[in-house]
Amino acid sequence: MLRSMTGYGRGECAINDRIFIVELRALNGKQFELLLKIPSLLKPFEFEIRSILAENMQRGSVECTISFKQNGASKPSNINLDLARSYYNQLKDLSEELKADDSQLLASILRLPEVVGTASDVLADNDWLQIKNVMNDAVSMITKHRMDEGNVLETELLNRIQNIEQLQEKLMVIEPRRKQKIRENILKLLEDQVGKDIVDKNRFEQELIYYIEKIDLTEEQVRLTNHCTYFRTLISENEVAKGRKLSFLLQEIGREINTTGSKAYDSDIQKYVVEMKDELEKAKEQVLNIL
């Protein structure tokens with residue numbers, strides 16, 4: 001079963017007079033990249049938060065926002081007087097230098113970071129356990145979202161591989177005819193250039209066999225079949241994160257298709273090769289979303 005890298009999860013809980021809200025958003029990414037936004041009272045738990053997300057999300061660009069809103073009366077606030085004075089003195093000097101209006105200077109300073117804070121901005125361990133449970137709920141929600149999208153992607157990818165295999169079957173039907181056509185064209189060219197009676201039939205057959213072996217497509221088609229079979233096997237495995245493996249396997253499939261096209265020397269086979277490449281590119285686009 002496949003999982004997408006995109007998803008959304010949310011959870012909230014009430015702790016005393018605060019309501020904490022946890023939101024998770026995930027997008028595609030080559031590695032695990034976390035953008036974490038948390039209030040200052042959760043800073044002591046930042047490392048644990050990052051560990052939980054890294055373990056569960058594994059890969060992708062993840063944004064985690066934990067916020068809270070006051071439920072009821074607000075907590076008493078403290079003003080950092082030393083910081084406020086420092087801001088005021090510097091801004092006062094700047095306003096005098098620029099001859100700017102400083103009538104709203106004090107109100108602006110009170111909105112600056114760390115100037116005003118709650119009187120008791122400490123989170124108890126028991127309260128953290130509740131937030132942690134909410135985080136796990138959000139992770140569960142985003143995981144379900146990823147699995148639902150993964151099912152859609154799995155169907156799409158398997159259809160692309162099936163289309164490649166069907167084109168491969170059509171290609172192999174005309175492969176014997178291609179060899180006969182090449183033989184006839186080379187023989188006709190020799191007869192036209194040097195004369196029908198002068199052509200050494202035995203030498204011609206020897207050289208033709210060597211040439212046909214060089215442009216034979218059997219080896220590429222065997223490997224292509226094996227790669228497609230392994231692609232299905234890999235999708236059905238229980239491993240959670242396998243997007244990279246599937247991407248590498250599609251590169252190998254593309255290599256066999258490209259080699260087939262370069263050795264074909266046949267317009268009908270080239271048409272099938274072009275269609276196979278089209279299916280492959282669509283598969284590559286989808287596999288970028290896989291965890």
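The values are calculated or read from the model by the stated rules, or taken from the named source; none is laboratory data. Just so we're clear, the structure is a prediction, and the values are computed from it rather than from any experiment. Note: ideal-geometry Cβ built from the backbone for every residue, glycine included; neighbour counts use all protein chains shown.
Structure above, values below:
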read-out	value
Residue check for ASN159: free of Cβ contacts under 8 Å to residues at least 60 places away in the same chain and under 28 Å from SER61 (Cβ atoms)	yes
Pair list, Cβ < 9 Å and 6+ apart or interchain, from the range 24-48 residues that are over 13 Å from CYS64 (Cα atoms) and modelled with pLDDT under 90 to residues that are outside any strand (DSSP E or B) and hydroxyl-bearing (Ser, Thr, Tyr)	ASN28/THR6
Members of the range 225-256 found to be free of Cβ contacts under 8 Å to residues at least 60 places away in the same chain and among the hydrophobic types (A, V, I, L, M, F, W, C), listed by number	LEU234, PHE248, LEU249, LEU250
Unique match (being in contact with a Pro (Cβ under 8 Å, 6 or more places away or on another chain), outside the structural domain of LEU246 (by TED's automatic domain parsing) and under 30 Å from ASP127 (Cβ atoms)) among SER61, SER67, SER40	SER67
Residues being loosely packed, with under 14 Cβ neighbours inside 10 Å and of a type in the set (Lys, Arg) - total across the range 241-281	1
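Quick grid of which residues meet (1) hydrophobic (A, V, I, L, M, F, W, C); (2) in the same structural domain as ILE19 (by TED's automatic domain parsing); (3) within 30 Å of CYS13 (Cβ to Cβ); (4) at pLDDT 80 or above:
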position	(1), (2), (3), (4)
ARG85	no, no, no, yes
GLN90	no, no, no, yes
ASP102	no, no, no, no
VAL116	yes, no, yes, no
